[in-house]
Amino acid sequence: MKPARSELVFRLAFSLAGLVLIGVVIAVRGWPQGPALFEVIGVAGAFFGGTAVWSIRKLMKQGE
C-alpha cells in the first residue's frame, strides 16, 4: 500500500523540523562529546535525514 501524498508531505515536514531542531540544539548546547555525538548526530540525524530523502524521492516519483 502506497502512502498518500499528504502523508508524504507530513513526513517530509516532520523530518525537516527534526533536522532543524538538531541544528538548534547543537547551536545552543555546542557540539556533543562522547556517546552523545553518536546518539544526537548519528542516530537522530540518520533517522530524520533518511526519512526526508525517502519522502522527497517518493513525492518526486508520484509527480511523474
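Looking at Ser55, Ser6, Ser15, just one residue is part of a helix (DSSP H, G or I) and free of Cβ contacts under 8 Å to residues at least 24 places away in the same chain, and that residue is Ser6. Cβ separations smaller than 7 Å between residues 6+ apart or across chains give the following pairs from the stretch 22-51 residues that are polar (S, T, N, Q) to residues that are surrounded by 13 or more Cβ atoms within 10 Å (Cβ to Cβ): Thr51/Arg11; Thr51/Ser15. Scan the stretch 18-45 for residues that are surrounded by 12 or more Cβ atoms within 10 Å (Cβ to Cβ), aliphatic (A, V, I, L, M) and within 26 Å of Gln62 (Cβ to Cβ) and the total you get is 1.
Number of residues in the stretch 46-55 that are farther than 15 Å from Ser6 by Cβ and surrounded by 15 or more Cβ atoms within 10 Å (Cβ to Cβ): the value is 4. Quick check: is even one residue across the stretch 25-35 of a type in the set (A, V, I, L, M), at pLDDT 90 or above and part of a helix (DSSP H, G or I)? Taking every residue of the stretch 25-35 in turn, at least one turns out to be of a type in the set (A, V, I, L, M), at pLDDT 90 or above and part of a helix (DSSP H, G or I). Screening Ser15 with (1) more than 12 Å from the chain's Cα centre (by Cα); (2) surrounded by 13 or more Cβ atoms within 10 Å (Cβ to Cβ); (3) of a type outside the set (Val, Ile, Thr) gives one miss only, at (1).
The conditions of being of a type in the set (Val, Ile, Thr) and under 18 Å from the mean Cα position of the chain (by Cα) are not met by Val28.
The values are calculated or read from the model by the stated rules, or taken from the named source; none is laboratory data. Bear in mind the structure is a predicted one, so any value in this text is a computation, not a measurement. When we count neighbours, we look across all protein chains shown, and the Cβ atoms used for this are built from the backbone with ideal geometry, even at glycine.
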